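Step one of this worksheet: look at the structure below.
The values are calculated or read from the model by the stated rules, or taken from the named source; none is laboratory data. For clarity, every value in this text was computed on a predicted model and none was experimentally measured. Here Cβ is always computed from backbone atoms with ideal geometry, including for glycine, and neighbour counts include all displayed protein chains. In case anyone asks, the SASA skips ligands and DNA or RNA and just uses the protein heavy atoms, side chains included. Shrake-Rupley method; radii C 1.70, N 1.55, O 1.52, S 1.80 Å.
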Amino acid sequence: MTFRPLTTSAGSTWTLRATAGPVDDSVANLDIPATVPGEVQLDLMAAGLIADPFDGANEKVQAWIGYCDWQYRTSFDWTPNDADRHDLVADGLDTAATITLNGTEVGRTQNQHRGYRFDIAALLVDGENELVIGFRSPIEFAREQEELLGARPTVMHHPFNAIRKVASNFGWDWGIDVSSSGILKTIGIDSWSGVRIASVRPLTSIDGTTGNVTAHVDLEWATASLSDTQTDLSVSVNGVTETVRLTSGKTDVAVQVHAGTIDLWWPRGYGDQPLYDVTVTTGDAHWARRIGFRTVEIDTAPDAHGSPFSILVNGQLIGIRGANWIPDDAFVTRITRERYRTRITDAVDANMNLLRVWGGGMYESDDFYDACDELGVLVWQDFLFACAAYAEEDPLRSEVEAEARQHITRLTAHPSLALWNGCNENIWGYLEWDWRRQLGSRTWGEGYYLDLLPSLVAELAPGTPYSPGSPFSFTKYAHPNDPRNGTMHIWDVWNSKDYTVYADYEPRFASEFGFQGPPAWSTLTGAVHDEPLEPYGTQMLVHQKADQGNLKLERGLGAHLPQPRSIAQWHWATQLNQARAIRFGIEHFRSLWPLNTGSIVWQLNDDWPVISWAAVDYFGHRKPLWHALKHAYADRLLTIQPRDGVPVLVAHNDSAERWSTTVILTRQEFAGAILASQSIDIDVEPRGIILLPLDREILTVTDATGQFIDARADNSPPAFWYFAEDPELALEPLSSALDVTVNAIEGGATVRLVATSLVKDLVLQADRLHPQASVDQGLITLSAGSSVTLTLTGDIDPAAVGGFPVLCSVNDLVTG
């Protein structure tokens, strides 16, 4: 059994040509060198035929690409061998493709989310062979399918819901419209004889400390045999091997292995992540993966408050601290194993334990799930339906079932995969977004979410929970976005209401909520070149996809921050307000534990340089929001929250050990004078929470503009409470409130900061010193007399570490 890759890295030479559509004169009739795997725009850019699609206003200039048909072509030498089968294997074709070999059509595809295999033995010739893959324009193909199936409601300008392709590839309210085509994954020729392992589903169960694996193996045979030829199939787990005899032609078998004593896999913060090798062999065929042993349940049983949404791993309730995940690059072939690991580490370093793979994206590569397995990050996996109505008739339905079967089977081995979810907002949309009037009696996806998909999960991954949608109430007569039941999306905050409205909600589980802010300065100015640079510049608005997004940024400042007086202040103020809004929401949600069992912020990452809801921008810069998340998602959280209009101290201990410590609270002046103090001994049980009253002396403010409450305890970030909004605070300018000492070290510098007066929400914008520079801490508040040492990493000039806009704080915004 041999696999011959036909990829560029394996030595194959490919060309690309535009074959139909509004082809730009610059590429007409050209055979352009192509990289496989790859995408059209990347090849055009590499050939110098287009500029970077992410730069400036190039999105509109290059829109013609998505309206064109494209053809990939390669030649390869072939020498016949003694294998019985020769299959062309294409793991990812985007999207409507016609494949020909030596002038004969091999097959057609119309689903980016599926892999394909074609028997080409009869078409191969001794010597030179020519393989051609023609792609229909994704936009025109979507329009054709929409005409065939009937138009249905969608939130975007292209009918992405008519085909099986990454929805956000056509643009989103944070995403560029690239409407790309290409060969996205490995392509090659698989030559084999006898029997091939088509797929393996290693289903685990646990009996006390013993692990059991039932390996469901699907097989394909190269030739039909009339004899009773037999072969062995062996499954090995944790040093234990079970072997069964197969009769030629048998296409499926289930082999149970009692794997002996095992350790449980846990999400991070709850235990370790032991992984065990599983191998399956038969004849020349071999399959290998790593698995973990764990159970996952979702508790939605009615209680006195409604219906919870509680995720239990190994019987333990998990407090979910998560983020929504989108494709990490609009051109997905650029996402490497290393990039996945880096971005998921961003989540771990921010104290997250779950990522939700959103339904407008894609089923990620095994590199993503491998990293989550290893780092203890749970995965909530949406099926790929988002913000639209979907036809339930063929040809769409058969493609939906085929892709679902493939990916449920592929991902079952990953212990991190904790939940399959039917759709994003489509049930909510059907009820509230005027879909019922537009659809009449036509199908809209309900049969997928309530019948087909749960049936497939039950058949193929019976140990993995399923939710019909997000949001969803799990109660027949409840609104799908009811805060009292199930999962909730909160989008009136950001769209129309002040972020303090988060406190009006008591969601059982917040699976989407977010607030926008710009990316790092270097990311923004690397892509936006308006002169002068301002929020409503032409290119700036190309990189702001949300409806009235920059207006909402300004409106969102409300009474919280002064109106910016420069583009540098606008950038800092809106970044800070994003961080403040989400921290406010999460700390409120956590103060409701265990009524609220988790939150999944929108969103962790970006797929291009853009003003968005992300915590980490396209180039990997951790925005102020990221630092706010690290604080709000800390294992041990101190926060001061209003209860019946009176501030109280909340201590949430989301760790496995008791939290026994003393909290020291002070009411103090900005210059450091202590006006009142309170000492509270706390003893919070593991995964527990307590709410404690504050002394009257702490709360009795005599100067709202010059006093604040400072609360500190061991092993927790400090908490603060202010008696007035920032524009009213009598803060000192940063230059007089902060002493800064910079020392060069190998690979960067240390920055020691000592406050002589209150310094509120300090961030060192490292990328202003160098686009690749980074800093280890951010969003720090320093009381008078306190200090912190930051570590800068990168090729920087230590002398350039000065005041605003490198060192940013509320002090700068208030004092100018």
**Request:** Considering every residue within the range 741-748, establish whether at least one is within 21 Å of ARG667 (Cα to Cα), modelled with pLDDT of 95 or more and either among the aliphatic types (A, V, I, L, M) or open to solvent by 30 Å² or more (accessible area, probe 1.4 Å) (or both).
**Result:** no
**Request:** Pull up the range 389-413, narrow it to residues that are under 17 Å from MET362 (Cα atoms) and part of a loop (DSSP other than H, G, I, E, B), then point me to the one that is farthest from the chain's Cα centre (by Cα).
**Result:** TYR390
**Request:** Evaluate the following for GLY447: is it small (Gly, Ala, Ser), under 25 Å from the mean Cα position of the chain (by Cα) and either more than 21 Å from LEU595 (Cα to Cα) or open to solvent by 30 Å² or more (accessible area, probe 1.4 Å) (or both)?
**Result:** no
**Lone qualifier among VAL253, VAL244 - being out of contact with any His (no Cβ under 9 Å at 6 or more places or on another chain), open to solvent by less than 70 Å² (accessible area, probe 1.4 Å) and part of a strand (DSSP E or B)** = VAL244
**Item:** Any hit, the range 631-638, residues being at positive phi, among the charged types (D, E, K, R) and in a loop (DSSP other than H, G, I, E, B)
**Value:** no
**Prompt:** Restricting the search to the range 133-171, which residues are open to solvent by 10 Å² or more (accessible area, probe 1.4 Å), over 25 Å from GLN406 (Cβ atoms) and among the hydrophobic types (A, V, I, L, M, F, W, C)?
**Reply:** ALA151, VAL155, MET156
**Request:** Answer yes or no: is there a residue in the range 327-339 that is out of contact with any His (no Cβ under 6 Å at 6 or more places or on another chain), open to solvent by less than 10 Å² (accessible area, probe 1.4 Å) and of a type in the set (S, T, N, Q).
**Result:** no
**Asked** Quick one: in the range 56-82, which of the residues that are open to solvent by less than 50 Å² (accessible area, probe 1.4 Å) and either assigned to a loop (DSSP other than H, G, I, E, B) or of a type in the set (Val, Ile, Thr) (or both) is nearest to MET1 (Cα to Cα)?
**Response** THR74
**Complete:** Reported set for the range 614-630 where residues are open to solvent by 10 Å² or more (accessible area, probe 1.4 Å) and in a loop (DSSP other than H, G, I, E, B) is TYR618, PHE619, GLY620, HIS621
**Message:** Among the residues that make up the range 503-522, is at least one of them free of Cβ contacts under 8 Å to residues at least 60 places away in the same chain, outside any loop (DSSP other than H, G, I, E, B) and either open to solvent by less than 30 Å² (accessible area, probe 1.4 Å) or under 26 Å from SER168 (Cβ atoms) (or both)?
**Reply:** no
**Request:** Residue by residue through the range 322-337, note down the ones that are outside any loop (DSSP other than H, G, I, E, B) and under 13 Å from the mean Cα position of the chain (by Cα).
**Result:** GLY322, ALA323, ASN324, TRP325
**Message:** Can you pull out every residue in the range 455-482 that is free of Cβ contacts under 8 Å to residues at least 60 places away in the same chain and outside any helix (DSSP H, G or I)?
**Reply:** TYR466, PRO468, GLY469, PRO471, PHE472, LYS476, TYR477, HIS479, PRO480, ASN481
